Amino acid sequence: MTDERLDCVVIGGGQAGLSAGYFLRRRGLTGRFAILDHAPKPGGAWQFRWPTLTLAGANHVHDLPGYGLTEALGVECDEWPAASAVPDYFERYEKKFELDVRRPVHVNAVRRRRGTADEYEVLLTGPGPGGTRVDSTIITRTIVNATGTWDRPFIPYIPGTERFAGRQLHTHDYSGPHDFDGQRVLVVGAGISAVQLLMEIARTATDVTTYWCSRTRPVFTDAPFSPEEGREAVARVERRVRAGLPPTSVVSVTGLRTTPAIAAAQADGILEWLPMFTRIVEKGVRFDGVRQDAPAQLDVDVIFWCTGFRSALDHLAPLHLRAAGGGITMTGTLATVVADEPGVQLLGYGPSASTIGANRAGREAARHVRAVLDGESVRT
């Protein structure tokens, strides 16, 4: 890789990055942008998901624009493992639309270019001759950041965590239910991933005992998920990022639907909930002052943190994007444009952090890039 100049650099080759690439081509920017992907092959974060997660279990991953998954793979494949089906689909998508995706490329930093008012330097490390790794710089007028969250698993700090003699892992590290055979497992988290993995471990692992706790009591509802709920969930997250506050997950504000599988797990006692523990000890966790009608300590072999992820934005630190409220103040039609840095867009941050949201954001990102390049006023 050599130093070069482009009109746009897309950082991240997952759902949002490929969607942005598709619409950038439609805006006439073929040959003037590149997609930099840290992953070793196509598929974004999907290639790292646990092998038992199917496309149906992943809520029927939303199609990328212009070329659907079923069309690309030529067959209905709801029961296929998402970790292999989605990478296959993304690879076909990249080839069909001749997207310039470069991998594996690590973006070390993005900074303003000295002496200019509207250019950025992307400092990166990528593949060189003979399997070597070389450093280079891309100069660009616009950045579309689509790095997602998979590389930033979040585990809350609980006093005593370093004392635990058992095993701790995150959703990010999960490889299958039989890793827990013969063990006492405490699943922590109130989201759909926590519920799905808890049920899978309890149903499939051999001689396993499971427990479940979270900071807030999970809310289950029998009502179908309505379009109005979806719009309001996205709107709540959008209001936060427009105010410079850290985003909450779109999924976290929509509640948990009582599917037949969840109803069966409730009936079998798998989803019996405990409040959050106060500290971790060598043999398990303690609920000091929390559980009035039960023992203060729960002995377990594994603490399984299904506690979500945070946006992977460390490479943008030189731009000093954080607002006083702790988040990044966003603007633009879909709240994807950094208010104080209109040449930078964040896809997968805030309201665009979903598969459907990523596609909409990709379209808007391309429109905004075109506006910046054409010299239109974009600072709001």
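Quick notes
- For the stretch 59-98: rounded, prolate or oblate by the Cα gyration tensor [a/c cutoff 1.5]: prolate
- Computed FRET value (nearest 0.05) for GLU71 with TRP273, which takes r as the C-beta separation and R₀ as 41 Å: 0.50
- Sequence-separation-based contact order of the chain, relative, with Cα cut under 8 Å and 6+ spacing, percent: 21 percent
- Spin-label model, ASP288/SER84: points 7 Å from Cα along the beta carbon direction are separated by 4.9 nm.
- Remark: the GLN266-THR132 segment gains 42.9 nm on full extension, using 0.36 nm per residue and subtracting the alpha carbon distance.
- Only Cα pairs under 8 Å and 6+ residues apart enter the sum, and on that basis the relative contact order of the stretch 265-380 stands at 12 percent.
- Interchain or long-range residues, amide H under 5 Å from GLY13's placed H: HIS38, ALA39
- On the basis of the beta-carbon distance and an R0 of 35 Å, ASP222 and ALA165 show a calculated FRET efficiency of 0.25.
- Charge sum, other residues only, whose C-beta stays under 15 Å from HIS178's C-beta, Lys/Arg counted +1 and Asp/Glu -1: -4
- Separation of the stretch 97-111 and the stretch 177-252, taken as the distance between their Cα centroids, equals 32 angstrom.
- Debye intensity ratio in log₁₀ form over the Cα atoms of the chain, taken at each q of 0.08, 0.14 Å⁻¹: -0.46, -1.25
- What the Cβ-Cβ distance of ARG203 and ASP340 gives, at R0 = 45 Å and to the nearest 0.05, is a FRET efficiency of 0.35.
- Rounded to 10°, Cα long-axis angle of helix 192-204 versus longest principal axis of the chain: 50 degrees
- The HN-Hα couplings worked out from phi for the stretch 332-345 by the Karplus form 6.51 cos²θ - 1.76 cosθ + 1.60 (θ = phi - 60°) are x, 4, 10, 6, 10, 9, 5, 4, 8, 8, x, x, 10, 10 Hz, whole numbers, x standing for Gly and Pro.
- Neighbour-count ranking [beta-carbon atoms within 10 angstrom, fewest first] of TYR67, TYR157, TYR22: TYR157, TYR67, TYR22
- The length gained on full extension between ILE155 and THR248, counted as 0.36 nm times the residue separation minus their Cα-Cα distance, comes to 31.9 nm.
- Residues SER311, SER19 arranged by fewest to most Cβ contacts within 10 Å: SER311, SER19
- Rounded to the nearest Hz, the phi-derived 3J(HN,Hα) couplings of the stretch 278-294 under the Karplus curve 6.51 cos²θ - 1.76 cosθ + 1.60 (θ = phi - 60°) are 9, 7, 10, 10, 4, 9, x, 10, 10, 10, 4, x, 9, 9, 6, 10, 8, where x marks glycine and proline.
- DSSP-defined beta bridges in the chain - what % are antiparallel, rounded to 5: 45 percent
- Extension reserve of the ARG111-ARG257 stretch, reckoned as 0.36 nm per residue once the Cα distance is removed: 48.2 nm
Each reported figure results from applying straightforward, stated rules to the coordinates on display, with no laboratory input. All figures in this text were calculated on a predicted structure; none of them were measured in a lab. Glycine also receives a Cβ, built like all others from the backbone with ideal geometry; neighbour counts cover every protein chain displayed.
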